[in-house]
Amino acid sequence: MSAAGEIAAAAARLVVEEGMEYGPAKRKAARDLGRHGGRRGELPSNEAVEDEVREYLSVFCADTQPAELRALRELAVVWMERLAEFRPHLAGAAWRGTATRLSALHVELYCDDPKSAEIALINAGVDYDADHLDRSGREPLSVLSVAARCPAWRDPVTLHLEVHDLDDLRGSLKPDAQGRTWRGDLTALRRRLAEAGA
């Protein structure tokens, strides 16, 4: 197995067992394997890690992961309905089908005014933490994080609301190399839930 393949497999285990995001999981896996902290050129792509995550889930979590994924997607529907005015799109592992109960939910909001989503949470009495995600060559992305109660289990689910400019929506629906979408709106998410339940 190549160095990148070894890192991808080790990162996949961290993603599933510890709920890590792909970037930190790749860097930790590289360090653990003695790959000098995982220089950018040596790290596998997110798609390669995702392929390993799917393999890991099929071997070790086939009896539990589908129900956990459904619970997270149903929770995402609730929040996307609440925030419908901001054109919400589900992204990340819950959209791609690899989420477990340790995964965070990532919902992208596309707003005319970036502050409007924050104001909506305040008006609804929702507690949140505000942070920013650095983006190369672009303005930092505002991220509002909420501890959302999931009816399926006791521990809260971390919900990250990523606040994008409305103009970003146009380019956000491009597929990956396999033709799979990176995110989907409420209609698309409901369709996936219906298909999974059929």
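Derivation of every value follows stated rules applied to the coordinates shown; laboratory data play no part. The structure displayed is predicted, hence computed values, not measured ones. No Cβ is skipped: glycine too gets one built from the backbone with ideal geometry, and neighbour counts run over all protein chains shown.
Remarks
- Between the residues Thr98, Ala71, Pro44, the greatest Cα displacement towards the positive end of the dipole of region 24-131, with unit charges on the Cβ of Lys, Arg, Asp and Glu, is found for Pro44.
- Gain upon complete extension [Glu74, Thr158; 0.36 nm per residue less C-alpha separation]: 28.8 nm
- Angle of helix 65-82 to the longest C-alpha principal axis of the chain, folded into 0 to 90 degrees and rounded to 10: 30°.
- Over the chain, dividing the summed -39,500 (n - 2.57) contributions of all DSSP H runs of at least 4 residues by the number of residues returns a 222 nm mean residue ellipticity of -13500 deg cm²/dmol.
- Helix 46-60 axis versus longest C-alpha principal axis of the chain: approximately 80°, rounded to the nearest ten.
- When DSSP beta bridges are restricted to pairs lying wholly in the chain, around 75% turn out antiparallel.
- Rounded to the nearest 0.05, the FRET efficiency derived from the C-beta distance between Leu166 and Glu195 at R0 = 30 Å is 0.55.
- Fully extended contour minus Cα-Cα distance, from Arg180 to Arg138, at 0.36 nm per residue: 12.6 nm
- Part-to-part distance (alpha-carbon centres) for region 145-197 and region 1-75, which is given in Å: 19
- Farthest towards the positive end of the charge dipole of the chain, among the residues Leu173, Pro114, Leu141, is the Cα of Leu173, using unit charges on the Cβ of Lys, Arg, Asp and Glu.
- Ranked list, fewest to most other Cβ atoms within 10 Å of each Cβ, for His89, His164: His164, His89
- Percentage relative contact order, the chain, counting C-alpha pairs under 8 Å, at least six apart: 19
- Count Lys and Arg as plus one, Asp and Glu as minus one, and take only other residues whose Cβ is under 14 Å from that of Pro140; the net charge is then -4.
- Panel order for Trp182, Trp79, Trp95, by other beta carbons found within 10 Å of each beta carbon, from fewest to most: Trp182, Trp79, Trp95.
- Relative to the Cα centre, the charge distribution of region 30-185, modelled as +1 at Lys and Arg Cβ and -1 at Asp and Glu Cβ, gives a dipole magnitude of about 320 debye.
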